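One structure below.
Bear in mind that the values in this text are calculations on the coordinates, not laboratory data. Here the structure is a predicted model, which is why all the values come from computation and not from measurement. All Cβ positions, even for glycine, are placed from backbone atoms using ideal geometry, and neighbour counts span all protein chains on display.
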Amino acid sequence: MAKQKWKAGNMVYPLPVVMISCGTEEKPNIVTVAWTGTICTNPPMTYISLRPSRYSYDLIAESGYFVINLTTRDLTYATDFCGVRSGRDVDKFKEMKLTPNYDNEGKVPMVEESPVNIVCKVREIKPLGSHDLFIADVLEVYVDDAFMDEKGKFHLNDTDLVAYSHGTYLTLGDTLGTFGYSVMKSKKAKEVSKLIPKQEDQLQLRTKSKSQGMASKENKPKSYKDKFHKDKTNKPVRKKAPSRKK
Ligand SMILES: Cc1cc2nc3c(=O)[nH]c(=O)nc-3n(C[C@H](O)[C@H](O)[C@H](O)COP(=O)(O)O)c2cc1C
């Protein structure tokens, strides 16, 4: 594998992309954030990183609360919009026809249309450089009833969640396994694992395709340059595949 060495930068992807709702009933706002994640299981803690220039920064710093609203396919347009327009200029709830929900005793607005609302209380704000880190405790979690089954199990992965990778919004793909499946011994786990190639099988598959001529000149995996050329505006355009001989 030939690798290029790049200077330091952020390349941890995919990430969740969430709508952070904040402010008050008089001034509700939403800001899109990808720099977010879990930092502690018990007590449940999370973080968001915000540039101090964001309108939402002061709203959150003043009230001490924000809500992480998970995003879905249907919310992708609104998610992007809330990440490119400021609450200084536009009421994003109104503009995106989203409903502020104040079931959390009116502390902070939640996005009703999101299947999961995570209400957070700021514990600490740590300046880091371009962004400040908001370390927060999770106070409450609200989940959409429609995804609960009769046994009380919440089917989060059926809500059509969206991820963010290298500038692009994506839905989640195939199921590849479940937590711990690589070492499970139960009958059920064996059934599941039949569907999922084991590590040695995956390696064998790769070696097999290489030895079957993948590395030969004409079968060499195509590089980006082989597949794309740039048009007049420097936009990459996929090259037409050569017509097949009859
Ligand atoms: C996909 C995406 C991810 C973003 N992630 C962050 C982030 O993690 N932190 C941040 O400060 N801004 C982030 N932004 C930019 C803000 O969402 C954007 O500047 C927004 O307009 C600020 O809104 P506000 O001024 O109403 O607070 C992101 C934008 C997009 C589109």
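By other beta-carbon atoms within 10 Å, ranking Val12, Val143 with the fewest at the front produces Val12, Val143. Note on Asp74 and Tyr13: their simple-model spin labels are 2.8 nm apart, each label 7 Å out from Cα toward Cβ. According to the Cα-based calculation, Rg over Rh for segment 15-171 is 0.94, with Rh computed by the Kirkwood formula. For the residue pairs Lys97/Lys126; Lys94/Lys230; Lys7/Lys232; Lys97/Lys239; Lys153/Lys187, alpha carbon separations beyond 31 Å are given by Lys97/Lys126; Lys94/Lys230; Lys97/Lys239.
Here the simple spin-label model places points 7 Å from the Cα toward Cβ, and for Ser63 and Ser182 these points are separated by 4.2 nm. Residues Cys40, Cys82 in ascending order of nearby Cβ atoms (within 10 Å, fewest first): Cys40, Cys82.
Place a point 7 Å from Cα of Leu156 in the direction of its Cβ. Which residues in segment 102-131 have their backbone N less than 14 Å from it? It comes to 115-119, nothing else.
The alpha carbon gyration tensor of segment 123-177 gives principal lengths a ≥ b ≥ c with a/c of 1.5 or higher and a/b no greater than b/c, which makes the shape oblate.
Which residues does a label at Thr99 reach in segment 145-177, if reach means a backbone N under 16 Å from a point 7 Å past the Cα toward the Cβ? Label zone hits: 145-147.
Ordered by the number of other Cβ atoms lying within 10 Å of each residue's own Cβ, fewest first, Trp6, Trp35 fall into the sequence Trp6, Trp35.
Determine, from the Cβ-Cβ distance of Ala146 and Thr171 and an R0 of 25 Å, the FRET efficiency 1/(1 + (r/R0)^6), rounded to the nearest 0.05.
The value I calculate is 0.85.
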